[in-house]
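A.B. asks: What follows is a single structure, and I will ask about it in a moment.
The values are calculated or read from the model by the stated rules, or taken from the named source; none is laboratory data. Quantities reported herein were computed from a predicted structural model and do not represent experimental measurements. Cβ coordinates were reconstructed from backbone atoms using ideal geometry, including for glycine residues, and neighbour counts include every protein chain displayed. Ligands, DNA and RNA are excluded from the accessible area calculation, which covers all protein heavy atoms including side chains. Shrake-Rupley method; radii C 1.70, N 1.55, O 1.52, S 1.80 Å.
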Amino acid sequence: MTERRNSEKLVRDLIPEIIRRDGGVPSIRKLDDDAVRPFVAQKLLEEAFEAGDAMLSKGRDDVRLELADVLEVVDRVLSLTGLTWDEVRTEQLARRLERGGFSENLLLRRPLQAESRLFTGHSRSLLEALRGQLAVCTRAHLGVAFVMRSGVELIFPDLLAALARGADIRLVTTDYLGVTEPEALERLLQLPDGFDLQAYCEPQRSYHPKVYIFEHPGDLGVAFVGSSNLSRAALLTGIEWNYQLNALDTGQPLDELMDHFERLWASPFTRRVDAEFVASYRARRRPMSFVEAEGLALEFEMPRPKPVQIEAMAELERLRAEGESKGLVIAATGVGKTYLAAFDSQQFDRVLFVAHREELLTNAHDSFLKVRPAANVGYLIGER
């Protein structure tokens with residue numbers, strides 16, 4: 001498993017001493033000139049962004065301070081590349097003679113260029129981008145809601161080739177709404193060592209991430225975040241919106257994405273997918289179409305258990321672990337005994353709920369469907 005990364009940033013040389021002076025203990029890693037280049041490039045972007053922000057929303061003094069920081073980083077760029085200020089200044093004047101400066105305040109309207117980071121499925125498919133990243137990455141971390149056999153078959157050779165050259169790949173999907181195809185999971189399990197597959201299985205919570213993160217040497221990386229699940233239509237032919245993020249982008253978005261991915265991967269609701277999991281999932285699955293699942297997820301947010309319900313379910317689970325086959329929960333009106341029953345029933349394929357009034361039974365029908373939207377639920381009343 002990939003170790004969780006810490007967020008690192010380039011700091012001025014005296015910052016560690018300032019931290020110590022204030023009673024702190026700095027965690028510092030020193031790099032050589034070759035290894036530090038990506039961090040200097042990132043720092044240049046950050047300082048330029050802060051200078052621009054100061055120009056738009058702050059006063060003259062703030063702009064002066066931020067521009068001083070920009071120049072400090074530019075000095076480091078010059079020393080790393082062997083350039084001099086005279087060389088840069090000469091190039092600046094030459095470009096001004098050729099193209100002019102910015103004194104006329106001219107704006108040019110232009111169409112979106114081919115180098116746009118947005119993948120819409122029209123001119124550029126996400127599949128093309130993913131294949132390019134799998135060919136060169138050291139690690140890949142994929143989080144998608146639904147995995148279909150059609151999508152797996154498209155990208156399977158690229159996953160196989162990446163693993164063969166030593167890349168590590170992790171994928172976390174879900175059993176939410178039963179849309180993911182068991183056949184797709186079985187196909188993924190045919191991949192060799194270096195590939196890890198998990199499923200997020202929190203019954204009362206929706207799961208809809210679509211993120212593809214790729215790491216490269218030198219703390220560089222690329223991620224794609226948007227609307228595409230792992231299906232043929234989403235990767236190749238459908239109208240999808242996916243945006244590319246880079247490690248050097250201001251704000252370090254890849255670090256934030258990786259933090260969330262690691263939390264998801266380590267969640268107590270995330271289960272390892274193996275042959276036993278696939279068999280169990282296939283047996284309890286009540287599949288919806290992708291369209292039905294997306295529509296249902298938009299109609300309501302699945303209810304979540306209250307603290308008192310969680311406590312009761314923990315006690316019921318303890319009784320089962322001790323071999324008991326019967327249990328009794330006593331709770332006041334309004335605590336949510338019907339929802340408690342629905343939450344607790346998630347681990348069982350077949351459930352019988354008995355009530356002494358028709359109104360209670362029909363209400364229970366609705367409650368169970370909210371908690372278990374993919375289930376086949378019906379009821380018997382008298383002769384009906």
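A.B. asks: Accessible surface of Phe49 in the full protein assembly, 1.4 angstrom probe, to the nearest 10 Å²?
C.D. replies: About 120 Å², rounded to the nearest 10.
A.B. asks: Among the listed pairs Lys30/Lys58; Lys58/Lys210; Lys43/Lys210; Lys306/Lys370, which have their C-alpha atoms separated by more than 27 angstrom in this model?
C.D. replies: Numbers: Lys30/Lys58 34 Å; Lys58/Lys210 37 Å; Lys43/Lys210 29 Å; Lys306/Lys370 15 Å.
Distance filter (> 27 Å) returns Lys30/Lys58; Lys58/Lys210; Lys43/Lys210.
A.B. asks: Against the empirical 2.2 N^0.38 Å scaling, what ratio does the C-alpha Rg of the chain come to? List each step's numbers first, then the result.
C.D. replies: Values: Rg = 27.6 Å, N = 384, 2.2 N^0.38 = 21.1 Å.
Here the answer is 1.31, to two decimals.
A.B. asks: Quick check: residue separation of Leu319 and Glu256 times 0.36 nm, minus the Cα distance between them. What number comes out in nm?
C.D. replies: Extending this stretch completely gives an extra 18.6 nm.
A.B. asks: Could you sort Ser231, Ser57 by accessible area so the largest value comes first, with the probe set to 1.4 Å?
C.D. replies: Values: Ser231 20, Ser57 80 Å².
From most exposed to least exposed: Ser57, Ser231.
A.B. asks: To continue, here is another question. Quick check on the chain: helices-only [θ] at 222 nm, where DSSP H runs of length 4 and up contribute -39,500 (n - 2.57) each and the sum goes over total residues. Nearest 500, please.
C.D. replies: Details: 13 runs with 171 residues, N = 384.
The per-residue figure over the chain is -14000 deg cm²/dmol.
A.B. asks: For the Cα atoms of the chain, what angle does the longest principal axis make with the long axis of helix 253-265, in degrees from 0 to 90, nearest 10?
C.D. replies: Helix 253-265 and the main axis of the chain meet at about 20 degrees.
A.B. asks: Let me ask something else. Compute the acute angle (0 to 90°) between the alpha-carbon long axis of helix 358-371 and the principal axis of greatest extent of the alpha-carbon atoms of the chain; round to the nearest 10°.
C.D. replies: With rounding to tens, the tilt is 30 degrees.
A.B. asks: Just reorder Met148, Met258, Met55 by solvent-accessible area, largest first, 1.4 Å probe, all chains present.
C.D. replies: On the way: Met148 40, Met258 10, Met55 145 Å².
Sorted by accessible area, descending: Met55, Met148, Met258.
A.B. asks: What is the sum of charges around Asp193, taking Lys and Arg as +1, Asp and Glu as -1, for the other residues whose C-beta is under 15 Å from the C-beta of Asp193? The partial results should precede the final answer.
C.D. replies: On the way: positive: Arg139, Arg165, Arg170, Arg272; negative: Asp168, Asp196, Asp274.
Cβ neighbours under 15 Å give a net charge of +1.
A.B. asks: Would you mind computing the Rg to Rh ratio of region 174-220 from its alpha-carbon coordinates, Kirkwood style for Rh?
C.D. replies: Values: Rg = 13.9 Å, Rh = 13.2 Å.
Checking Rg against Rh, the ratio lands at 1.05.
A.B. asks: A follow-up question, please. Sort Lys30, Lys9 by accessible area with a 1.4 Å probe, largest first.
C.D. replies: Numbers: Lys30 190, Lys9 120 Å².
The ordering from most to least exposed comes out as Lys30, Lys9.
A.B. asks: If ligands, DNA and RNA are left out, what is the accessible area of Lys306 with a 1.4 Å probe, given in Å² to the nearest 10?
C.D. replies: It works out to around 100 Å².
A.B. asks: Mind jotting down the distance between the C-alpha centroids of region 173-249 and region 46-63, whole Å?
C.D. replies: Their Cα centres are 38 Å away from one another.
A.B. asks: Between helix 60-81 and the chain, what is the angle of the helix's C-alpha long axis to the longest principal axis, kept within 0 to 90° and rounded to the nearest 10?
C.D. replies: 80
A.B. asks: May I ask for the Rg/Rh ratio of region 22-136, computed from Cα atoms with Rh as the Kirkwood radius, given to two decimals?
C.D. replies: Result for region 22-136 is an Rg/Rh of 1.06.
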